[in-house]
1. For region 92-105, which positions are β-branched (Val, Ile, Thr) and farther than 16 Å from Ala166 by Cα?
2. With surrounded by fewer than 16 Cβ atoms within 10 Å (Cβ to Cβ) and over 19 Å from Ile35 (Cα atoms) as the only criterion, which of Ile155, Ile91 stands out?
3. So, in region 133-170, how many residues would count as being more than 28 Å from Ile73 (Cα to Cα) and of a type in the set (D, E, K, R)?
4. Looking for whichever is among the β-branched types (Val, Ile, Thr), over 14 Å from Val128 (Cα atoms) and either part of a helix (DSSP H, G or I) or modelled with pLDDT of 85 or more (or both) here; the options are Ile54, Ile35. Which one fits?
5. Is it the case that some residue within region 100-121 is within 30 Å of Gln151 (Cα to Cα), among the hydroxyl-bearing types (Ser, Thr, Tyr) and out of contact with any helix residue (DSSP H, G or I) (no Cβ under 7 Å at 6 or more places or on another chain)?
6. Test of understanding: among Ala164, Ala130, Ala118, Ala63, which residue is surrounded by 15 or more Cβ atoms within 10 Å (Cβ to Cβ) and under 19 Å from the mean Cα position of the chain (by Cα)?
7. What are the pairs, 6+ residues apart or on separate chains, where a residue within region 177-189 that is closer than 21 Å to Ala97 by Cβ has its Cβ under 6 Å from a residue that is among the polar types (S, T, N, Q) and modelled with pLDDT of 80 or more?
8. Of the residues that sit in region 133-161 and are polar (S, T, N, Q) and more than 17 Å from Ala80 (Cβ to Cβ), which one is nearest to the chain's Cα centre (by Cα)?
Amino acid sequence: MTEQTNLDRESATPVAGTRAQLVEATLVCLRRFGIGGATSRAIAAEAGTNLQAIAYHFGSKDALVSEALVLGIRRWLEPALRILRTDMDPIRRMRAAVNELNTAFERARDDMPVYLEALAGARRDERVHAALREVLDEVHGFVASQIQDLQRKRIIPRWVDPDAMATLQISAADGLAIHATLDPGMDHRAVADQAIKLLTALARSPRARRSRGSSRPR
């Protein structure tokens, strides 16, 4: 049996009802046909319901697609976010979270074209744009807070801008998704390892040591 991807697999906590069935069916259709090809008829057929159910529960197919996209992305990210919420050693926590992201990336590799299609078309679809911004803003805030925590523990220097670094890391992840789509043989774990080494190397730089030294109480 082949391993299911994140967009195909069931939620860890299944929710009964037509609404949940439609969301899950939409995730399946997005992976199979892309955003443009995931028609109302295809989604209803996959869910085993009628077309009117989409309008009744979501108002429109676009609203359903937006909710499904958010759910799919949250499923990719949640295992890593759970680790980042723990109180383990910051460096171990970061490495464990990146490892979870790598695992999620491997499961969702075939789903990346859907995510990239959503990003590319977000400016033309206000509802998809708002849905993606909701998730990305949440992740950005979470990553920035982790960087601030590393600064409080003097693991990385104060001159690192948490918001800018969080944006850089998220942008790098998006770039990684693009390259993985173009080059399926790319070693994404090696790339992620380089990112960790680059971030932790900041703490060993002369400028970082001067920053830590100047912040000590006199």
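1. Once the filter is applied, which keeps residues that are β-branched (Val, Ile, Thr) and farther than 16 Å from Ala166 by Cα, region 92-105 yields only Thr103.
2. Answer to the selection: Ile91.
3. Number of matching residues: 4.
4. Testing whether each residue is among the β-branched types (Val, Ile, Thr), over 14 Å from Val128 (Cα atoms) and either part of a helix (DSSP H, G or I) or modelled with pLDDT of 85 or more (or both) leaves just Ile54.
5. Yes, because at least one residue in region 100-121 is within 30 Å of Gln151 (Cα to Cα), among the hydroxyl-bearing types (Ser, Thr, Tyr) and out of contact with any helix residue (DSSP H, G or I) (no Cβ under 7 Å at 6 or more places or on another chain).
6. Checking each option against the conditions leaves just Ala118.
7. Listed pairs, sorted by first residue: Arg189/Asn102.
8. Gln148
The values are calculated or read from the model by the stated rules, or taken from the named source; none is laboratory data. Quick caveat: nothing in here was measured; it's all calculated off a predicted structure. FYI the Cβ positions are ideal-geometry reconstructions off the backbone, even for glycines, and counts take in every protein chain you see.
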